[in-house]
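Participant: Let me begin by handing over the structure; questions about it come next.
The values are calculated or read from the model by the stated rules, or taken from the named source; none is laboratory data. This is a predicted model, so every value here is computed, not measured. Backbone-built Cβ (ideal geometry, glycine too); neighbour counts: all protein chains shown.
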Amino acid sequence: MTGARRRITAQMPRAAGRGFTLVELIIVIAVIAILVGIALPRLRGMIDEGNTAKAAAELRALQAAVESYYIHNSKTYPSTGATWQSALTSARPKLIGSALTDPFSTSSAQYQFAKSSNIYYIIWSVGPDNTADVTGIDSSGNLTGTADDDIYVSNGTSGTGGF
Ligand SMILES: [Ca+2]
């Protein structure tokens, strides 16, 4: 034991004094860069999965609130617009406690809402690409634009989809 300890302490000052060579530093930095390169996409994917699950749950809640609004407001859906959820938060009794924002929106925008002739509606999240691929819903209940990675709920013929 004493011999081993002496040997280690004898080598320590020399190793500490020598430091790292440039090649050793480059290798360490390269290994760290490779590990970060592997970890970041996985982390990004996990964040997207979490946000997708959150959006799906919140869209279902919004769909229930919109259906309730329709029943209690002479068969009309809320008005569209960037702050369309204010119709749900200001309803008495409240249909949702506070406006829900799209987890994929970098500007913390509300989920988007469109309707057609107070018959069909669609509520959607822009999805992981942060771009609204859905543009609305037509008078036949078909979503307009493309679904792409958008997450949506609708009472139209396109049905409930995206998750
Ligand atoms: Ca999208």
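Participant: Starting from the stretch 122-151, keep only residues that are in contact (Cβ under 8 Å) with a residue 60 or more places away in the chain and among the hydroxyl-bearing types (Ser, Thr, Tyr), then list their pairs with residues that are in a strand (DSSP E or B) and more than 6 Å from the ligand (Cβ to nearest atom) whose Cβ atoms are within a distance under 6 Å, requiring at least 6 positions of separation or different chains.
Facilitator: 125/151
Participant: Please go through the stretch 123-153 and give me each residue that is of a type in the set (A, V, I, L, M) and either over 18 Å from the mean Cα position of the chain (by Cα) or in a loop (DSSP other than H, G, I, E, B) (or both), ordered by number.
Facilitator: At the first step, the residues of the stretch 123-153 found to be of a type in the set (A, V, I, L, M) are 123, 126, 132, 134, 137, 143, 147, 151, 153.
Within the stretch 123-153, 126, 132, 137, 143, 147 qualify.
Participant: Those residues that are on the phi > 0 side of the Ramachandran plot and without any contact (Cβ under 8 Å) to a residue 40 or more places away in the chain, I need them from the stretch 53-89; list them, please. Working first, answer last.
Facilitator: First, the residues of the stretch 53-89 that are on the phi > 0 side of the Ramachandran plot: 74-75, 81.
Hits for the stretch 53-89 are 74, 81.
Participant: Being away from the ligand (no atom under 12 Å from the Cβ) and surrounded by 18 or more Cβ atoms within 10 Å (Cβ to Cβ) is the filter here; which residues of the stretch 101-136 pass it?
Facilitator: 103, 110, 111, 113, 114, 115, 116, 120, 121, 122, 123, 136
Participant: Being touching a helix residue (DSSP H, G or I) at 6+ places or on another chain (Cβ under 7 Å) and of a type in the set (Ser, Thr, Tyr) is true for just one of 98, 139. Which residue is that?
Facilitator: Values: 139 fails: touching a helix residue (DSSP H, G or I) at 6+ places or on another chain (Cβ under 7 Å).
Of the residues listed, the single one that is touching a helix residue (DSSP H, G or I) at 6+ places or on another chain (Cβ under 7 Å) and of a type in the set (Ser, Thr, Tyr) is 98.
Participant: So, residue 68, is that one of a type in the set (S, T, N, Q), assigned to a loop (DSSP other than H, G, I, E, B) and either surrounded by fewer than 14 Cβ atoms within 10 Å (Cβ to Cβ) or more than 16 Å from the ligand (Cβ to nearest atom) (or both) or not?
Facilitator: On the way: of a type in the set (S, T, N, Q): yes; assigned to a loop (DSSP other than H, G, I, E, B): no; either surrounded by fewer than 14 Cβ atoms within 10 Å (Cβ to Cβ) or more than 16 Å from the ligand (Cβ to nearest atom) (or both): yes.
Answer is no for this residue.
Participant: Provide a single number: the residues in the stretch 78-94 that are in a loop (DSSP other than H, G, I, E, B) and under 23 Å from residue 136 (Cα atoms).
Facilitator: We begin by selecting, within the stretch 78-94, every residue in a loop (DSSP other than H, G, I, E, B); these are 78-85, 90-94.
Checking the rest, the ones that are also under 23 Å from residue 136 (Cα atoms) come to 78-85.
Within the stretch 78-94, residues that are in a loop (DSSP other than H, G, I, E, B) and under 23 Å from residue 136 (Cα atoms) number 8.
Participant: Filter the stretch 9-31 for residues that are at pLDDT 80 or above and either surrounded by 10 or more Cβ atoms within 10 Å (Cβ to Cβ) or assigned to a helix (DSSP H, G or I) (or both) and give the result.
Facilitator: Initial filter on the stretch 9-31 (at pLDDT 80 or above): 19-31.
The answer is 20, 22, 23, 24, 25, 26, 27, 28, 29, 30, 31.
Participant: Among (1) under 20 Å from residue 56 (Cα atoms); (2) of a type in the set (A, V, I, L, M, F, W, C); (3) in contact with a His (Cβ under 8 Å, 6 or more places away or on another chain), there is one condition residue 91 misses while meeting the rest; what is its number?
Facilitator: So the condition that residue 91 fails would be (1).
Participant: Related question: When you look at residue 156, is it modelled with pLDDT under 95 and either more than 16 Å from the ligand (Cβ to nearest atom) or touching a helix residue (DSSP H, G or I) at 6+ places or on another chain (Cβ under 8 Å) (or both), yes or no?
Facilitator: Values: modelled with pLDDT under 95: yes; either more than 16 Å from the ligand (Cβ to nearest atom) or touching a helix residue (DSSP H, G or I) at 6+ places or on another chain (Cβ under 8 Å) (or both): yes.
Against the criterion (modelled with pLDDT under 95 and either more than 16 Å from the ligand (Cβ to nearest atom) or touching a helix residue (DSSP H, G or I) at 6+ places or on another chain (Cβ under 8 Å) (or both)), residue 156 qualifies.
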